[in-house]
Every structure is written in structure tokens, then in C-alpha cells.
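What follows is a short report on a single structure.
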Amino acid sequence: RGQGLESTRPHTMSGFWGLEVKPGAKPTPLRKQPGEMVMVLKQAALAPTGKLSADPSVLSVSVGSDTNERFVLCHLASGKCEQWAIDLGFGPDEEVNFHLTGKCAVHLTGFYEMDDDSDDEDEMDSEEEEMARMQGEAMEEDEDEESGEEEEGEEESGEE
């Protein structure tokens with residue numbers, strides 16, 4: 001399966017991004033302005049600046065204009081759990097805010113990629129066409145096998 005198929009998709013541009021989230025009531029936006037980048041969050045870590053506290057820092061995220069609906073990403077505590085791996089992507093049109101409770105700031109790091117919607121659609125169309133072609137060939141083979149079995153059955157019943 002998939003042999004002989006070569007992707008014509010160009011390499012996507014990507015790069016590093018980092019953000020410091022400070023504790024407090026004010027959310028920290030992922031983006032300062034709308035962009036064309038898909039941003040992938042890969043890690044949260046206690047910032048090495050300032051005093052480390054034994055109290056946990058709880059990082060949460062809200063997506064959309066309703067910053068009251070938050071989802072916890074991790075609890076970080078000095079000496080116990082100082083960093084956490086995450087794999088969470090945010091589309092270019094999503095309004096994303098991070099919220100932090102506790103006393104320690106948190107560094108977020110990840111990477112961004114250009115949003116290649118048109119390339120993805122073209123690639124999906126060609127993949128769907130290839131899948132349909134392969135399914136069609138498989139159905140033809142099944143029909144050939146079934147018709148061969150019917151003919152054998154007819155011959156056998158005629159001999160008795």
C-alpha cells in the first residue's frame with residue numbers, strides 16, 4: 001500500500017517560539033496579532049527567574065473569546081514537577097489565552113508552521129482518488145473470484 005506514491009507537498013516552514021506566562025488575573029495571549037501560523041505547544045517549564053515556590057503553579061488554557069472556560073494543562077511545582085511535555089496545536093484563527101495561578105512564572109515553548117490549507121486539500125484529493133482507485137481494483141478482484149466460484153459450483157452440480 002502506498003508504494004510508488006511520492007508526496008509533491010513542499011517542505012513547510014517552521015520555527016521556534018517561546019512565551020512567558022506570569023501569574024495573575026490577566027490572561028496571556030498566545031499571539032499578539034492574528035497570523036497564518038499553526039502554533040504547537042510542546043513544553044511548559046517553571047521559569048528560572050525569581051523565587052521558586054513549593055506551591056504549585058497551575059497552567060490552563062482558554063480558546064475563543066470566553067476566557068472563563070479554561071482547561072488545565074499542567075500543575076508545576078519546584079522540586080517535584082518543574083516541566084511538562086505537551087503536544088497541542090492551535091490554528092491560526094484561534095484566539096488562545098493562557099492563565100496561571102501560583103507564584104512562579106512559566107515558560108512555554110514550541111514551534112510554528114505555515115498553514116498550508118490549499119496544499120493539504122490538494123494532497124487529500126489525490127490521496128482520496130488513489131484510495132478510490134485501489135478500492136475499485138480490489139472490488140474487481142473480488143467480483144472475478146466470486147464469478148469463478150459460481151462457475152465451479154455449476155460444473156460440480158452438473159456432474160452428479
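Taking amide H as placed 1.01 Å from N in the peptide plane, residue 74 has its amide H under 5 Å from the amide H of 59, each at least 5 places away in sequence or on another chain.
Taking 0.36 nm per residue of separation and subtracting the current Cα-Cα distance, fully stretching the chain between residue 55 and residue 111 would add 17.3 nm.
Using the Kirkwood formula over every pair of different C-alpha atoms, what hydrodynamic radius in Å results for the stretch 71-113? Kirkwood radius, the stretch 71-113: 12.4 Å.
Taking each residue as 0.36 nm, the span from residue 93 to residue 80 lengthens on full extension beyond its C-alpha to C-alpha distance by 1.1 nm.
Rounded if a/c is under 1.5, else prolate if a/b is larger than b/c, else oblate: which is the stretch 44-90, with a ≥ b ≥ c the root eigenvalues of its Cα gyration tensor? Note, shape of the stretch 44-90 comes out prolate.
Just so you know, all these numbers are worked out from the coordinates, no wet-lab data involved. Because the structure is a prediction, the values reported are computed rather than measured.
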